[in-house]
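Take a look at the structure set out below.
Nothing in this text is a laboratory measurement; each read-out follows from the coordinates by a stated rule. Just so we're clear, the structure is a prediction, and the values are computed from it rather than from any experiment. Neighbour counts run over all protein chains shown; Cβ positions are idealised from the backbone, glycine included.
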Amino acid sequence: MAEFTKLEDIVSLCKRRGFIFQSSEIYGGLASCYDYGPLGAELKRNVRNAWWKSTVQMRDDVVGLDCSIFMHPLVWKASGHIDKFADLIVECKKCNTRSRVDHLVDNAEEHTEHVPVETAETDANNLGNKICPGCNKIGNFTEPMPFRLMFETQMGANIDDSMKIFLRPETAQGIFVNFRNVLDSTRVKIPFGIAQIGKSFRNEVTTKAFIFRTREFEQAELEFFCAPGEDEKWYEHWKEFRFNWYVNLGIKKKNLRLRDHDSDELAHYAKGCVDVEYKFPFGSGDWQELEGIANRTDFDLRQHQRGMRTLNSWYENKGDLSKIELKEESPDYKKGPLSYFNEETKERFVPYVIEPSAGIDRSTLAFLVDAYDEDEINGQKRNLLRFHPSLAPIKAAVLPLVRKDGMPEIATKLYDDLKGSFACFYDQKGAIGRRYRRQDEAGTPFCITIDGQTKEDETVTVRHRDSLEQERISLSSVKGYLFEKLGV
């Protein structure tokens, strides 16, 4: 068993087996951008589907949404991203490396706390003992300066009708601005949630560790709307629900933890926030965020009510965001367009929101790391991925023992019957042992071998990836057997 997986082993396997490639590799690559290969695309799709099934399909209190990446610029003004969505960065005076202030590490082995952004902004002397990650120089930094994280572009072909817009840095705001549309077009009632999965983009100063932090990434976010006073109950519910999702899909519990944010970490709008953290193989093994679950109170809906009141100013200033200030909140904001009326209690209020926000790419990396294992069979090293069956890119491989005696014909017929129901793979090249090893490394839970006995009694051998056990089952029962074992 592999006691500690090195990230280099994961990166090597991903390239070798077609999970993940560097983007634009034939041109030298593009930093922090990655392409998912044949196995990686299936794995990521399975992670995405597992999230959607758990969060939307299997619940009666959540509906789905798929919002546009491009949104009206006032969305980002109201949300605070235009004015506040920036990292505080410093530049090393020796090597010119730019770093996020909160990622700099102290020159003391026993102390590796991040510098709070607010502290760095008011007192640059706090950086005097920090190490440059580029050249290891200590305390030789410029004063902290803000760096806007949103990518900007232009919409419109003509100068007179073009406007600056942004690639969304998160999917959540699309949910908030569609809150009223969902209420009016469905029969949902508070408490309920709106979920979506989609691409987001952030011009990160510092990317990190393969697909852990990239500038283009996929988010799975849920905004769960509830009545004020019930938020704590739902906050606890979603903390437990989301933690167990990872455990139920095979991640070892010892590698997961919940970490509450300290008061100086909390966003200004948050009543509480907890991270689901995984022990990634960075350095000697670092706890890093997989997803955050936040109690966002009623901040977002109230802000968008202010944004709607600012629309006239948008037209008056011809879309110049630098000249636009959000209107003051209406005194009767609880009766605003994004409020909710409870027919039973006859009460109107702006809902509170509990937000579990996960990264699909980051989760995919965690599942890869946790599934990776090494063992020995007859003195030979075996690399394998012990994926939960529902996440495995290939569910079953169909293998004729040899390419003669009618075995390929039987195997091909079985493969054609299975592939309409499962992601399957047919392989008849090479020794059977080598074919087994290839499937182990791809994470395939079952290999089905057609051999000489198949023609005699219409049975096949099923080989189990994890235990290496083999059993004979009837050829006609293979599909039902896989349905049972895969839980689909």
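Quick notes on this one:
- If you bin all the Cα-Cα distances of the chain at 10 Å, starting from zero, the percentages per bin are 4, 16, 24, 24, 17, 10, 5, 1, 0.
- Placing a pseudo-label 7 Å from each Cα along the Cα-to-Cβ vector at Asn203 and Met308 gives an inter-label distance of 3.2 nm.
- The stretch between Lys252 and Met145 holds 34.5 nm of extra length on full extension. This uses 0.36 nm per residue minus the Cα-Cα distance.
- Per residue, the average separation of C-alpha pairs within less than 8 Å and at least 6 apart gives segment 394-486 a relative contact order of 28 percent.
- Using bins of 10 Å that start at zero, the share of Cα-Cα pairs per bin across segment 215-254 amounts to 23, 38, 31, 8, in whole %.
- Rounded to the nearest 20, the Cβ-based charge dipole of the chain about its Cα centre (Lys and Arg +1, Asp and Glu -1) stands at 1300 debye.
- Among the chymotrypsin sites (Phe, Trp or Tyr not before Pro) within segment 127-232, those in coil by DSSP and having at most 15 neighbouring Cβ atoms inside 10 Å are Phe151.
- Each Cα pair under 8 Å and six or more residues apart adds its sequence gap; the mean of these over the residue count of the chain is a relative contact order of 14 percent.
- Stretching Glu216 away from Lys93 to a fully extended chain increases their span by 41.4 nm, per 0.36 nm per residue minus the current alpha-carbon distance.
- Each Lys or Arg adds one and each Asp or Glu takes one away; over the other residues whose Cβ falls under 15 Å from the Cβ of Val247, this sums to +4.
- Label-zone membership for segment 389-433, site Asn378, 7 angstrom Cα→C-beta point, backbone N under 20 Å: 399-403, 428-433
- Here is the list for segment 305-372: GluC sites (Glu not before Pro) lying in DSSP coil, each with at most 15 other C-beta atoms within 10 angstrom of its C-beta, are Glu325, Glu328, Glu329, Glu343, Glu344.
- Within segment 118-266: Cβ-based charge dipole about Cα centre, in debye rounded to nearest 20 (Lys, Arg +1; Asp, Glu -1): 860
- For segment 128-161 and segment 374-452, distance of Cα centres in Å: 49
- Ascending count of other beta-carbon atoms within 10 Å, so fewest first, for Lys93, Lys381, Lys137: Lys381, Lys93, Lys137
- For segment 261-369, trypsin sites (Lys or Arg not before Pro) are listed when DSSP marks them as loop and at most 14 other Cβ atoms sit within 10 Å of their Cβ; the list is Lys318, Lys346.
- Net charge of neighbours whose Cβ lies under 14 Å from the Cβ of Arg472, counting Lys and Arg as +1 and Asp and Glu as -1: -4
- Note on Lys404 and Glu343: the extension gain reaches 14.7 nm, defined as 0.36 nm multiplied by sequence separation minus the Cα-Cα distance.
- Kirkwood Rh, angstrom, segment 20-92 [1 / mean 1/r, Cα pairs]: 16.6
- Euclidean distance of C-alpha centroids, segment 184-233 and segment 33-60, integer Å: 15
- Once the C-beta distance of Leu326 and Asn136 is scaled by a Förster radius of 41 Å, the resulting FRET efficiency is 0.40 to the nearest 0.05.
- Taken one residue at a time, the phi angles of segment 92-103 give Karplus couplings (6.51, -1.76, 1.60, θ = phi - 60°) of 5, 6, 8, 10, 6, 6, 9, 9, 6, 4, 6, 9 Hz. Gly and Pro are set to x.
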